[in-house]
Structure formats: C-alpha cells, structure tokens
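Enquirer: Here it is, the structure in full.
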Amino acid sequence: MDNAPDPIGVLIVDDEPRIRDGLQRVLMPMGYRVIATGLGKDALDLLAREEVAIVVLDLQLPDINGMEVLRTICRHYPHMVVIIITGFGTVQTAAEAMRNGAYDLLPKPFEPDQLRIAINRAREKMLLEQEARRLQQEQLQTLADLSLEKSRISTILKALPIGVMVTNALGEVVLFNPAFKRYMELTEATAEGAPLDVYIQDDALRRLVMEFSQGCHIGPDDSPTYEFSIGQDKFLFARGRPVLGDNGQCLGAVVTIVDITAMKVLDRLKREFVAKVSHELRSPLSTIHEQLAVVLSDLVGQVSPADEHLLSRAKEKTQGLIALIGDLLDLSRIESGAFSETPKFVHMDELLENIIAFLGTRAAARHQSITLQRPTGALPPLKADPLALESIFGNLITNAINYTPEHGRIEIDLQVHDAHLQVQVRDNGFGIEARHLDKIFERFYRVKNEHTRYVTGTGLGLPIAKGLVEALGGRIGVRSQPNEGSTFTVELPLAPQST
Ligand code: ADP
C-alpha cells in the first residue's frame, strides 16, 4: 500500500492560457496537484469541489473582479493560502490584496524560480499553520481530558464513605471530602486552605498529620495509625501516607479516617459478655472443683484405679477452667482500667523476692534455679498497683519455669535507669522461634511444638502482662533463640521522686 501523503492541491486562476500552462509546467514537477481555470466563477466552483490548499490568483479576470474573488475565498476558506499575480502591480493593489487576506504578491512577468520560491513559502506557511492547529486541538483535548479526570476524581472522593484529607508539606489542608467533614463535625462553611487546627482538634492526631506531611514516615512499613474519639460516643481511626514527588521528596500527606464506633460498641459488648459469663461460671466451677477434691480424698482405696484416674482428670480440668476464667476476668479488669485505680509505692526488689519465694517451690520441684540480681543500695519506689505488678511478673516467671526443662536456670535482673525500672526475666529454656515472637502477646496464642505440648496454659498470660505494663505506662519486649532461652524485658516509668 502506498502511504505517501496526498499531493498538495494548487488552483491557478488566470485568463491567459499561456500563463496557466507555464505555471502548470513549473508546479507539476514540484509534486503539486494542479488545476487551472480562466474564470473567477469557475474558480469558486472548483474550490467547493476540490481539495485545494494554495491559490495562485490573477486580479484581472474577465467575469468577476479578482479582488472580489480573493475576498470570497478568504471569507469561506480562512486557511487557504493565496498568492496574487498581477501585471498591474502597484503598491496600492498590493496593500489592498494583503488587507483582503492574500499571503503574497508576485508581479508579472516573473521568473519560474520566483514562482517556486513563492509557492514553497506558501506551502511552508500552510504546513506551519496546520501543525499549529493540530497542537491547539491537542491542547484543547488534554485540557478536556484533565477536567474530565478532575471531575471523575472529585465524584469518587465525594462518594467515598471514608473521610479523606490531603495536606501540603506545610501541613495545610488542600483537599477533603464530605465524609471527612462529617466525621470531624466541621461546619458546612469550612473550606480548604486553612491550617490543621481548624479541622483537627485532637493534639496527637494533629502532630501525626504534621509528621506525615513533613515526610517523617515514608518507609513502607512506617505507617503509624491513631484511634481517637469525638465526643462521648464517636470513635474514629486515622491512617496516613506521605505523597512523594518524582525525586522522592515529600509533597504532603493523604490521611484517611474510618468510623469504628460500631466495632468499639461490639467489642465492649463482647467484653461485658465474657466478663459476665466468666463471673457466673467461676463460683459453680470452684464448688465442683472443691467437691471433686473431697470425693477424691474420701474415696481413696475404695474405687478402682481407673475411676480414680477419671476423677483426678476431672479435677485437673476444672482447675484449668478456673485458671482460664481468672485470666479472662483479669483481662476485662485491665480493659476497664480497674487495675490502675489503686496505685501505691512499691519496692520492686521486695515484690520480686516475694514472687520468687512463692514460685520457688514449683521451680525446685523441677530442679531449676531462680536468682534475683538487683543493684546495691536503696531503690527508688515505683508507684503502681501491686496486684498488677504481681500479675505481670508472676506470669513471666511462671512461663520461665514452664518453658524451661528440668535443671534449667532462671535469672531475674532488676536495674534502675534514669526514669524507669527495668526487669528482665531470663531463662535458658526452649526458646521461641522468630515467627511467633510478635504473636505471643495476642490473646489465646500458644506456640505448639514438642516442648510446649505438655504444658497446660490459656494463652492469656502474656496478653495480660502486656495490658498491665501498658496501663502502667511501660513497655514489654522479648528476645529469644530456640533451644537457647528467652529474655522478657519490662520497663516501667518511675514515680516522680517525692521531696
Ligand atoms: P500460656 O503460657 O498460658 O500458653 P502465655 O500468653 O503466657 O500463655 O504465653 C504464650 C506462649 O508464649 C506460650 O504458649 C509459649 O509458647 C510462649 N512462651 C511464653 N513464655 C515463654 C518462655 N519463657 N519460653 C518459651 N516460650 C514461652
């Protein structure tokens, strides 16, 4: 297939056949498609039918005045390039022709080269204008696309049920959607462009959004989230991501807000239900447990060993259930904040010694050693609920005993740092594989392997310890190597020194 562009059409309008032929002879070898006529009326008819880009027009025509033909052409075909050829080339004619829209004027007689130059210039002008029109069209299209895209995005944003807010690098709000306005309880008149505190009353959230906007959290895993409430009964959850430019520079942030009130209510109902059921089950189970113990001791030697085994198993199981209920009640007390209600000054070394004394018999039965290392001299007291501290370290030391084989070593190390106490509970026991380390603080999570199979437990000890440590404003962490042992580290803030 021939893909060459169609030759450009040139119309020659001149009443002298000699000139028409001469022009044709010059233009056709240049690759133009040439048509010619001697009449102005024919010329206008041809223009209506044929594809023509350039007109070479004589002003002296037998039927219509050439100037009139020029005016008609320029009015109906504004992109047409017209070159005037006239033997009566006066300055006045030239000026009038130009005023009427002619592009060039070639006084007769002229040399073929002069014609070639004039035609080439006309062609160049035509092509340049064509290109300019194409670019303008493209630009209009791009603008239309952009505005369509913008209206699409704005429609999507408006329809989104989650709140969306966009900030610039200065932390100013450049965009937000109606859901954001609704969640944050902003007035109808609130508009974009103001500083953050106009939109966000919560100080911590404002700080976080500022950090996102200034590029403090650009790592793929560095995306802190934040839960907050508006009023008494509206709970919201915020998540942010920085907006990065081509060079990785932070241009601002996108913050999304989700309403989690329903989840919170469900969670509270679930906790209340668990607490109520646990509470209701505790006393009958304790009674059953005690009665089983009485029956077992009364029937010693009177029942078959198989029956005695059955009763012992039933007693063990009720003991396990009582422990589980105790843990569940502890958890619901932590969640309701009851544990941190009665803080007292506590001497940590004494508290740890008491726990070690209490659990020492269990360790001794497994031939394990338990030691406490503490700094010399008086320790600053810690202000906390002693029951909470007993529960935290009771759980950690019980775990160390349970998950360390016989003849193992358990070391408790107490240290004072500037503003906090650090307690490490170290064992040389079974250890924990890395893949379980971040999960063992979740409720009911238990590592299942050949070592832990025979250890009874609820999977609630560490969540209780973590909940309590956090309620006291501290932190808990773990390091562990399978078959080498584990170290649980608790840091608790010290009470301000009393004067
Ligand atoms: P439980 O001991 O009742 O199973 P926890 O919440 O106290 O529940 O502990 C969760 C899991 O963490 C345990 O099942 C155990 O697999 C693992 N774990 C806790 N402490 C230790 C430890 N000192 N050494 C090895 N594994 C441990």
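Every read-out reported here was derived from the displayed coordinates using simple, explicitly stated rules and does not represent laboratory data. All figures in this text were calculated on a predicted structure; none of them were measured in a lab. Reconstructed Cβ throughout: ideal geometry from the backbone, glycine too, with neighbour counts over all protein chains shown.
Enquirer: Rg(Cα) of region 1-93 divided by 2.2 N^0.38 Å?
Expert: Working: Rg = 13.4 Å, N = 93, 2.2 N^0.38 = 12.3 Å.
Compared with the compact-globule rule of thumb, region 1-93 sits at 1.09.
Enquirer: With unit charges on the beta carbons (Lys and Arg positive, Asp and Glu negative) and the dipole taken about the Cα centre of region 194-290, which residue among Gly215, Leu281, Tyr199 sits farthest to the positive side?
Expert: Leu281
Enquirer: Still on this model: Kindly give the semi-axes, whole Å and largest first, of the ellipsoid equivalent to region 173-251, taking each as the square root of 5 times a Cα gyration tensor eigenvalue. Before the final figure, lay out the partial values.
Expert: Numbers: eigenvalues 110, 51, 20 Å².
So the three semi-axes of region 173-251 are 23, 16, 10 Å.
Enquirer: Each residue of region 393-402 in turn: what ³J(HN,Hα) in whole Hz from Karplus with 6.51, -1.76, 1.60 and θ = phi - 60°, glycine and Pro shown as x?
Expert: So the J values, rounded to whole Hz, are 7, x, 5, 5, 6, 4, 4, 4, 5, 5.
Enquirer: Just round it to a whole percent: the fraction of Cα-Cα distances in the chain exceeding 38 Å.
Expert: Numbers: 74552 of 124251 pairs.
Value for the chain: 60 percent of Cα pairs lie more than 38 Å apart.
Enquirer: Short version: ³J(HN,Hα) in whole Hz for each residue of region 245-253, in order, from phi by Karplus 6.51 cos²θ - 1.76 cosθ + 1.60 (θ = phi - 60°), x for Gly and Pro, what are they?
Expert: x, 4, 8, x, 6, 7, 9, x, 8
Enquirer: How many angstrom separate the Cα center of region 302-378 from the Cα center of region 1-80?
Expert: That distance is 108 Å.
Enquirer: Where does helix 66-76 land angle-wise versus the long Cα axis of the chain, in degrees 0 to 90, nearest 10?
Expert: Roughly 20 degrees between the two axes.
Enquirer: Which aspartates and glutamates have a Cα lying under 15 Å from the Cα of Lys383, excluding residues fewer than 8 positions away in the same chain?
Expert: Glu341, Asp349, Glu350, Glu470, Glu491
Enquirer: Relative to the longest principal axis of the C-alpha atoms of the chain, give the angle of the C-alpha long axis of helix 461-471, reported between 0 and 90° and rounded to the nearest 10°.
Expert: Compared with the principal axis, the helix lies near 70 degrees.
Enquirer: Another one. In Å³ and rounded to a whole number, note down the convex hull volume per residue for the Cα atoms of region 270-350. List each step's numbers first, then the result.
Expert: On the way: hull volume 11.1 nm³, N = 81.
Here the figure is 137 Å³ per residue.
Enquirer: Further question on the same structure: Among the listed pairs Lys234/Lys439; Lys264/Lys439; Lys317/Lys439; Lys234/Lys270; Lys315/Lys439; Lys344/Lys439, which are separated by more than 20 Å between their Cα atoms? Intermediate values should be presented prior to the final figure.
Expert: On the way: Lys234/Lys439 30 Å; Lys264/Lys439 22 Å; Lys317/Lys439 26 Å; Lys234/Lys270 18 Å; Lys315/Lys439 31 Å; Lys344/Lys439 32 Å.
Listed pairs above 20 Å: Lys234/Lys439; Lys264/Lys439; Lys317/Lys439; Lys315/Lys439; Lys344/Lys439.
Enquirer: Return the Cα extents of region 137-218 along principal axes one, two and three, sorted largest first, each rounded to a whole Å.
Expert: 50, 29, 20 Å, listed from the longest principal axis down.
Enquirer: Further question: What's the local net charge at Ser229, with K and R +1, D and E -1, over the other residues with C-beta under 12 Å away?
Expert: The answer is -3.
Enquirer: Wrap a convex hull around the Cα atoms of region 378-457, take a quarter of its surface area, and give that in square nanometres. All intermediate terms of the calculation are to be shown ahead of the outcome.
Expert: Working: hull surface 28.2 nm².
Dividing the Cα hull surface by four gives the mean projection, 7.0 nm².
Enquirer: Could I ask something else about it? Would you kindly state how much longer the chain becomes between Leu135 and Val198 on full extension, computed as 0.36 nm times their sequence separation minus their alpha carbon distance, in nm to one decimal? Write down the numbers at each step before the final one.
Expert: Numbers: separation 63, 0.36 × 63 = 22.68 nm, distance 4.43 nm.
This chain segment gains 18.2 nm when fully extended.
Enquirer: So, one more: What is the total of Lys pairs in region 102-201 with C-alpha atoms under 27 Å apart, excluding same-chain pairs fewer than 8 positions apart? Can you show the working numbers first?
Expert: Numbers: Lys108/Lys125; Lys150/Lys158; Lys150/Lys181; Lys158/Lys181.
Lysine pairs meeting both conditions in region 102-201 amount to 4.
Enquirer: Among 326-332, 190-196, how do they line up from the highest to the lowest mean number of other beta-carbon atoms within 10 Å?
Expert: 326-332, 190-196
Enquirer: Within region 301-327, list the residues whose amide N lies under 20 Å from a label point set 7 Å along Cα→Cβ of Ile288.
Expert: 307-327
Enquirer: Something else about it: Calculate the FRET efficiency for Ser336 and Arg475 from the Cβ-Cβ distance with a Förster distance of 35 Å, rounded to the nearest 0.05. Walk me through the intermediate numbers first.
Expert: Details: r = 22 Å, r/R0 = 0.63.
Once rounded, the FRET efficiency stands at 0.95.
Enquirer: Which net charge results for the neighbourhood of Leu379, defined as the other residues with beta-carbon distances under 11 angstrom from its beta-carbon, given Lys and Arg at +1 and Asp and Glu at -1?
Expert: For residues surrounding Leu379, the net value is -1.
Enquirer: Same structure, new question: What are the residues whose amide H is under 5 Å from the amide H of His420, where those residues sit 5 or more places off or on another chain and H is modelled from the backbone?
Expert: So His420 has HN proximity to Leu494.
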